[in-house]
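Structure record follows, encoded as C-alpha cells.
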Amino acid sequence: MRATIVPTKDTNSAGRKRLRIGFRASIITVFIAVVLFVGLTLVYLSFERVSAITRTAAAGFIDKVAQLGADRIDSQFRNVRDGLVILSGLPSIQEAEIDDNTRLYGLMASMLRNNRQLFNLYVGYEDGSFLEMDMIDRAKPGFRASLNVPEDAMYRLVVITRNGARAASNTLFLSENLIQIAEAPGPASYDPRQRPWYIEAFRDAKTLLTGPYLFFATGQPGYTLRIPLREGRRGVVAGDILLDQSEAMLNQQRLGQSGVAFLFNDSDRIVAHPRMGELMAQIQERDELPTLDAVRLAGLASAIKAWRGGGPAEQFFTDRTGRTYVAAFHLIETSGSANIRLVVTAPLDEFFSQIIAERRTLFALALAFVGATLPFAFWLGSLMAKTLRKLASETDEIQRFQISERPRIRSAIAEIEELGRSVFTMRTVVRNFSNFIPKQIVRQLIESGASLQLGGTRREVTVLFTDVADFTAKTEKADPSQVMIYTSRYFAALSEEIMKCHGTVDKFIGDAVMAFWNAPADDPDHILHACEAVLACLRRNDELNRAFEREGWPAYGTRFGLHTGDAVVGNVGSSDRMNYTALGATVNLAARLEGLNKNYGTRVLVSAAVRQRTEHVFLFRSVDTIKPKGFAEAVTISELRCERAAATDEELALSRHWNQVFASIERDEREVALLKLSGFLIDYPDDGVARYHAQQFRTAADQKSPHELRLWQEV
C-alpha cells in the first residue's frame, strides 16, 4: 500500500499540485477503517458486558459465601446453645446438686469433647454457688503452666458451694477418664453473680452472646454463650469460646488472599474478627469493642450505610488506592436482639482473578480477530503484488545470509516467473558458494556488496591443525566410497564444534583440518574459544569413534596442534581462483605442534603463548622445550588437559606431580630428574610424555657417568 503524489496541472490558473490516492490504497484504507471501527466497537461492548457479568457473579457468589458462613457460625453457636439447653434441663443442675456429682461431671466432660470450640461449661446460682469444668489444653500453654498440675490432667473442675454466709471452694484436676489426679483450694473470692455473663443473662434474655471480655480463669479474651435456668433454682448455664477459636472460625470464611470476614453489631462495633486480639490491644478502654474504623478499609462504612438504607445485601465499594471490593452482609440468627451481622468482603480483582484473566483473554482475542482481518484487506487490495513481495522478501533473506533451501516461486505472469527463476538460482549459487568459502566471508561479501580481491592484512590469530593418527593404514584397504562417507561424518562433527566456538574452518587437507580464530570477524577471546573448541572436538571425536566401532569402522584418533600469533590473513591465489587463508610462521608452528603429538603420545599440544593467556581457565602440563627449524628461539610446548573447573582430583594430582619432574628436567638436575621420573613412571607407567623423556635418558645413557647409568637402569 503506497500513496503517490503525482504532479498535475489544475484547470485553474494557479496550477497547483493535487494529492491523488491510488485505487488500491483507497480500498485498503476504507476496509481497514470499517474493520477497526466495527471490531473495536464489538470489543468495547463485549468488554463492558463481561465486566457487568463479572460484578453480578461476584455479588452473587460472595452473598452465597456470606450466607453459608453465617449458617456455619449459627450452627456452631446452636451446638453450644443446644448443649446448654440440655444441661439446664438436668434436675441436678436445676436443684444445684453440684458437689461430688460424678454423673454430672461425666456428662459435662462428654459435651466438652464433642464441642471443640468450647473451652469450658459452667453454671452459677443466685446464692453464689458455682460449678465449672475446663478443658485445660484448649487455653494457651501458659494456663496449664499456671496451674502446676501433672501432664495427664485433662480437666479442671471448680466447685463453690454456699450455705448462708459460709462458702466452700475446691478445685479438682481430673484425667481423661475423670480420675482425680490432684486437688487444690478453689478461688475463695470468685462470685459468679458479679460476672458479665450472669448479669446480662437476666438483663437481655433474647440474646445468647456476651463478650468479648477477659475470662476470670485464663485472663484471655473470649465470648460466652449463656441461658438462664427456666426451672428450679435461679441461675445461669454458660459456656466459653476463646477468642482464638473465633478467629480461626472467621478465618475459614475468608476469600482469597486479602479477603476478610468479621462480625459487627448495630453500634458499628466489631464483635469478632480474625485479628480480634490485635484490635482489642489497640483500644484503651478494656470494656469497649473496636469500631469499624479499626479494619482500615475505606469505603466499607459507606457500603454498610447504603445497605442499612434499604440497599441490597451485596455492595461494591472502592478503597483509597482505587481498588474495588465486594461485600455481603448476613444476620447471625442466634445473636437474637443483639443483631450481630457477618460481613464478608474481598477485592474483586483478586478473588475473581480467573474471570478477569478470561476477560483480558477475550479482549486480546477480539483484537487478534481484528488484526487477523488486516491481511485479508491487504490481500484484497494487493493480490497482484503478492508474488513481488515474496520475491523482495527472499532477496532480503539472501542479503542477510538466510540461505536455507526454499521452493521456487511460481507465477502466471512471464516477467515475474523469470524473476522468480533468477532469485532461486541466486539462492542456490550463494548456498553452494558458502560451502567452499568460510561463511563469514560470504556474509561479509553479501552485506557489504564488495567483490573478492587478492591481498590480506596482518593480525593476531589462533591457528589449529588436526590430523588422524595412522589414517592411511586404517583406510587403505577399505572401500573408497565408505572412506568418503565416514571421513565426511568426521569432518562435519569437528567443523560443527569449531564453528560453534566462533572458529573459521579454512580447509580440509586429506584427513587434516585447518581452522583459525579472530578472522575474518574480530574475536577478543579467540584463544579461549579455540581451547574450548579443541576440548569440544575431543569429546565429539570420542562419541563418533564409539559410533564407528559399533558400525565396524576403525576409530579416528585425532591429534591437535594450537598456536597463537601474528599472521597474514586474506585471499591468496589467482584472480580466477583464490582462497581465504592465513599464512606465516604462526601457521607453520601450529602444524609442527600437531605432528609432535606422535612423539609424546599426546592428543593436544599448544604453544607457550596459548598457555600463558588461558592458564586461568584451562589445565595444562609442560611437555618439552623445542627449537623448530626456522625459528630463532626455543618454544616451550604444553599439553592441554581440560577445563580447570572440570578437573578431577586425579587430573590435578598428575599435573602437579609431572610439573615437579619437568622442573628438574628443565634445570638439568639429571640425578634428581632421574629419581623423580622413576617415581612418576611407577605411578603412571603408560604416560606418553614421561616415556618420551625416559627414552631420551636411555639414548643418552651411554654417555653418562656409571652412577647416572645405574640410576637409569633402576628406572
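For the reader, a short list of remarks on this structure follows.
Quick grid of which residues meet (1) outside any helix (DSSP H, G or I); (2) modelled with pLDDT of 95 or more; (3) not basic (K, R):
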| residue | (1), (2), (3) |
| --- | --- |
| L589 | no, no, yes |
| R592 | no, no, no |
| N597 | no, no, yes |
| H616 | yes, no, yes |
| R621 | yes, no, no |
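- Scanning the range 313-337 for residues that are of a type in the set (D, E, K, R) and at positive phi yields no hits at all.
- Of the criteria (1) at pLDDT below 85; (2) at positive phi, which one G310 fails: (1)
- Boolean, A521 is part of a loop (DSSP other than H, G, I, E, B), touching a residue at least 60 places away in the same chain (Cβ under 8 Å) and either within 40 Å of the chain's Cα centre (by Cα) or on the phi < 0 side of the Ramachandran plot (or both): yes
- Residue count for the range 202-225 satisfying the condition of being among the small types (G, A, S), farther than 16 Å from N339 by Cα and surrounded by 18 or more Cβ atoms within 10 Å (Cβ to Cβ): 2.
- Those helices (runs of 4 or more DSSP H) of the range 57-172 in which 3 or more residues are in contact with a strand residue (DSSP E or B) (Cβ under 9 Å, 6 or more places away or on another chain) and farther than 21 Å from P228 by Cβ occupy 102-114.
- Any hit, the range 599-611, residues being closer than 17 Å to H693 by Cβ and surrounded by fewer than 19 Cβ atoms within 10 Å (Cβ to Cβ): yes
- Members of the range 123-141 that are touching a residue at least 60 places away in the same chain (Cβ under 8 Å) and crowded, with 24+ Cβ neighbours inside 10 Å: V123, G124, F130, E132, D134, A139
- When the range 271-293 is filtered for residues that are more than 16 Å from A328 (Cα to Cα), more than 38 Å from the chain's Cα centre (by Cα) and without any contact (Cβ under 8 Å) to a residue 60 or more places away in the chain, the ones remaining, listed by number, are A281, Q282, I283, Q284, E285, E288, P290, T291, D293.
- Considering residues of the range 500-518 that are free of Cβ contacts under 8 Å to residues at least 60 places away in the same chain and open to solvent by 40 Å² or more (accessible area, probe 1.4 Å) only, the residue farthest from G584 (Cα to Cα): K500
- Of the set (1) more than 27 Å from E247 (Cβ to Cβ); (2) of a type in the set (V, I, T); (3) touching a Leu at 6+ places or on another chain (Cβ under 6 Å), all apply to I86 but (3).
- Output for the range 143-201, where each listed residue is charged (D, E, K, R), touching a helix residue (DSSP H, G or I) at 6+ places or on another chain (Cβ under 6 Å) and closer than 26 Å to R233 by Cβ: R156
- Cβ-Cβ distances below 7 Å connect the following pairs, each with a first residue in the range 536-555 that is surrounded by 13 or more Cβ atoms within 10 Å (Cβ to Cβ) and outside any helix (DSSP H, G or I), a second residue that is at pLDDT below 95 and hydroxyl-bearing (S, T, Y), and a separation of six or more residues or different chains: W553/Y486.
The values are calculated or read from the model by the stated rules, or taken from the named source; none is laboratory data. This structure is a prediction, so every number in the text was calculated from the model and none was measured. Counting neighbours? That spans all protein chains shown, and the Cβs are built from the backbone with ideal geometry, glycine included. These area figures cover heavy atoms from the full protein model, side chains too; ligands, DNA and RNA do not enter into them. Shrake-Rupley method; radii C 1.70, N 1.55, O 1.52, S 1.80 Å.
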